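Here's the structure, in structure tokens; my notes come after.
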Amino acid sequence: MTPTPTLTSPGVPLAKARPRPNQANRPVGRGSYRSADLVGLLPTLVLYGGLILVPIAIAIGLSFYNWNGVGALTFVGASNWSRFFSDSIALHSLEVTFLLAGVSWVVQTPLSMALGLFVSGRQRYRAVYSALYLLPLLLSTTGIALMWQALLDPNFGGIAWLGTHWHLSFLVQNWLGGNSTALWTIVALIAWQFVPFHTLLYQMGRRQIPQVLYEAAALDGVTPLKQFIYVTLPQMRYTIVVSSTLMIVGSLTYFDIIYILTNGGPGDTTRVLSLDMYQAAFQNTTFGYASVLAVVLGVIGIVVALGLVRLTGFGSMASQREGVA
Amino acid sequence: MSTAPPAVALSAARLDEVAPRRRSRLGQRAQRRLRGTIAFGFGTIWLVIVLAPIYFMVLSSLRTEGSYVTANPWLPTGGLTGTEYSTVLHAGLGGYFINSVIVTAACVVITLVLSLAASFRIIRRTSRLSGAALRLLVFGLAVPIQALIVPLYIIIDKIGLYDSLSALVLTMSAAAIPVSVLIMLSFVRDIPRELIDAMSVDGAGEWRIFLSLIAPLSRPVLATVAIYNGLSVWNNFLLPLVLTQSNSSAVLPLGLFKFQGQYGIDVPAIMAAVLLSVIPLVVLYIAMRRQFVRGLSGVVMR
């Protein structure tokens, strides 16, 4: 049989009040459903359970042991945890992590929103701009890091060249190696990488606002600024929450560019928690202590992500489905 | 329809009343043009910020190690050549490329098949297992993969897959499953119940329903999820860094990183390698921009 358009009744809330197949007059036995469920779900659950859920348990368990990766496990109770709370490097990296996430949000959100509103305009040239804005999303993080490393090189980089030849001496700096510039340079590079994605989200959010609202506002003589405050912002709150949460969770767990370009330096100025954890595990081979840092990182990520679930109603959707399970 | 004309008339009257008081029609038009110009300037500055680094990279990749240091990096003067492209291709970029293709393709196929099957079982709600599965997947959605690299390294090492492409395929597929299932669920849920029931009444088994109804109807969401996962697997750096070591199992992001260590100051070679690694995505982007954009934003927009 082929699905015909007449059967596809749009707008009918199919999720609600549908009878369970095993309660209604079911054509086949319960056993065939069970085997279908096993075949359909088990591979997923094995893969996901084995490589996501089991690792969560291992990370928590390992945080109470000392292990160098090859020798025997030594149970040390909570001593890794008490070490964390007096480890000034780790606590500093926690500070850097939150600073990076906070500043990234402050920089990226207004920029993405403004660009998203800009490209959702109807002018033909803005569609072209919008297509070009997405180009950074195609580059891998490694590619972006290497490209900017070349550009920011204080001797031969493109930025330093402009500084020398256009007499803009402030451009000639050791951007990634300077104590006062490294973190802000990283913030700028992360923005370069991720603003395109968030611009896309805001563009789509703006397109979902009914045009009638703006027409009505214009007829009433509402100024563009007030249209933005009283129509655009409230209508885009879902987009703002989703974008902000992805942005903050993403920056809190950010690793790649920092590892490639500064490796935490100079000093500890760009040392974020994920980097601290990586080094504790794979450079110092203190896997137990690295697990403490991993659990802290995971808990921070989960707490912020739960914020998303609460604020967007994603959670109510999921719990509806949970209820009928 | 009968109420519309008076409403418009009313608003138009109000406009006549308000607009002249604020400013003349001409002033309004001038102001709109000013706003357009400011927006154009703002958008163009960002365009320059986006394109200038990429332009710099393209230009640099066409130089030699010597001319890169001497020439104006922003103008195509001082001699351009493509020799660095062949340098990096001979230095093993091709191998990294093939590894990336294998890992990405395997991950995308595994994730699509498993997630679609799981979504179908979850909406059928035929046993307790499907409810439990959904709850477990929602839970995993919030866990950042960065926090799991130590246990993943231990598990992969213990099952003897360290430094293999299978290690990357398994871990990246597992990491992609929760979000893939949730995107697919919101789509599969909207497949009309009547279609499934009709097939069921006709005597079709669950497998038959899945293969000849659910799978074909889900083609749009499959494309979205494939692009989203494909992009993140292709560009993933952390898991290859932790789970592989040798050049023979390095994928592109890690291979580029190794190049940097290997070539150091030969910037044109590194830029050429970065550009070669992005070609498949650029081709894909040009060929199917609409699906691409949907894939990129598919996670949050339904």
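Where a number appears in this text, it was derived from the coordinates with a stated rule and is not lab data. Keep in mind that this is a model prediction, so the values were computed, not measured. Using ideal geometry, Cβ is built from the backbone for each residue, glycine included, and neighbour counts are taken over all protein chains shown.
Would you please classify the overall shape of region A:165-225 from the alpha carbon gyration tensor, given that a ≥ b ≥ c denote the square roots of the eigenvalues, rounded means a/c under 1.5, and beyond that prolate means a/b larger than b/c while oblate covers the rest? Prolate shape, in that a/c is at least 1.5 and a/b is the bigger ratio. The peptide list A:167-173, B:122-128, A:177-183, put in order of mean Cβ contacts within 10 Å with the highest first, becomes B:122-128, A:177-183, A:167-173. Here the Karplus relation 6.51 cos²θ - 1.76 cosθ + 1.60, evaluated at θ = phi - 60°, turns the backbone of region A:275-291 into coupling constants of 6, 4, 5, 4, 5, 4, 7, 9, 10, 8, 6, 9, 5, x, 5, 4, 5 Hz, with x for every Gly and Pro.
So how do B:132-145, B:104-117 stack up, highest first, on mean other-Cβ count within 10 Å? Don't skip to the answer; put the middle values down first.
Values: B:132-145: 19.7, B:104-117: 21.9.
Listed from highest to lowest mean packing, they are B:104-117, B:132-145.
Peptide A:149-158 has a mean shielding of 5, counted as Cβ atoms of other protein chains within 10 Å of each residue's Cβ. For A:L168 and B:S212, the FRET efficiency from 1/(1 + (r/R0)^6), where r spans their Cβ atoms and R0 equals 60 Å, is about 0.35. Remark: region B:83-301 carries a charge dipole of roughly 620 debye about the Cα centre, counting +1 on each Lys and Arg Cβ and -1 on each Asp and Glu Cβ. In region B:150-217, a dipole from Cβ-located charges (positive for Lys and Arg, negative for Asp and Glu) runs towards its positive end, and of B:W207, B:V169, B:L217 it is B:V169 whose Cα lies farthest in that direction. In this simple spin-label approximation, B:T83 and B:Y55 carry label points 7 Å from Cα along the Cα→Cβ vector, and these lie 2.7 nm apart.
Taking a point 7 Å from the Cα of A:D268 along the Cα-to-Cβ direction, the residues of region A:87-101 with backbone N closer than 16 Å to it are A:87-100.
Shielding by partners for B:151-160, please: the mean number of other protein chain Cβ atoms within 10 Å of each residue's Cβ. Kindly include the intermediate steps, with their values, before the conclusion.
Values: counts 14, 6, 5, 9, 5, 1, 1, 0, 1, 0.
Mean partner-chain Cβ count within 10 Å for B:151-160: 4.
Charges were assigned to the Cβ only: +1 to each Lys and Arg, -1 to each Asp and Glu. The resulting dipole of the protein assembly as shown about its Cα centre is roughly 2560 debye.
Between B:S166 and A:A57, what's the calculated FRET efficiency when r is the beta-carbon distance and R0 is 30 Å? Round to 0.05. Write out the running numbers ahead of the final one.
Working: r = 23 Å, r/R0 = 0.76.
According to the calculation, E is roughly 0.85.
Taking the Cα centre of each part, how many Å lie between region B:160-213 and region B:117-148? Using only Cα atoms, the two centres lie 11 Å from each other. Modelled this way, with points 7 Å down the Cα-to-C-beta line, the labels at A:I209 and B:I38 are 1.6 nm from one another.
When each of the peptides B:196-206, B:87-97, B:245-255, B:38-48 is scored by how many other beta carbons lie within 10 Å of its residues on average, the order from highest to lowest is B:245-255, B:87-97, B:196-206, B:38-48. The magnitude of the dipole of region A:220-316, with charges of +1 and -1 set on the Cβ of Lys/Arg and Asp/Glu and taken from the Cα centre, is near 240 debye.
Centre-to-centre separation between the Cα atoms of region A:159-236 and those of region A:259-286: 30 Å. Per-residue Karplus couplings for region B:43-51, computed as 6.51 cos²θ - 1.76 cosθ + 1.60 with θ equal to phi - 60°, are listed in order as x, 6, 4, 5, 4, 5, 4, 6, 7 Hz, Gly and Pro entered as x.
Classify region A:36-113: rounded, prolate or oblate, from the alpha-carbon gyration tensor (a ≥ b ≥ c, eigenvalue square roots; a/c under 1.5 rounded; otherwise prolate if a/b is larger than b/c)?
Values: a/c = 3.87, a/b = 1.12, b/c = 3.45.
Judged from the Cα gyration tensor, region A:36-113 comes out oblate (a/c at least 1.5, b/c at or above a/b).
Once both labels are positioned 7 Å from their Cα atoms along Cα-to-Cβ, the gap between A:Q123 and B:V282 label points is 2.7 nm. Across peptide A:241-249, the mean count of Cβ atoms from other chains lying within 10 Å of each residue's own Cβ comes to 1.
Shape verdict for the protein assembly as shown, please, from the Cα gyration tensor: rounded (a/c under 1.5), prolate (a/b greater than b/c) or oblate. Numbers along the way, then the final one.
On the way: a/c = 1.64, a/b = 1.04, b/c = 1.58.
Because a/c hits 1.5 or more and a/b fails to exceed b/c, the protein assembly as shown counts as oblate.
Note on B:D157 and B:N72: the extension gain reaches 25.7 nm, defined as 0.36 nm multiplied by sequence separation minus the Cα-Cα distance. The separation of region B:61-101 from region A:71-136, counted between C-alpha centres, amounts to 32 Å.
Using the Cβ-Cβ distance between B:V109 and B:F139 with R0 set to 22 Å, the FRET efficiency from 1/(1 + (r/R0)^6) comes to roughly 0.30.
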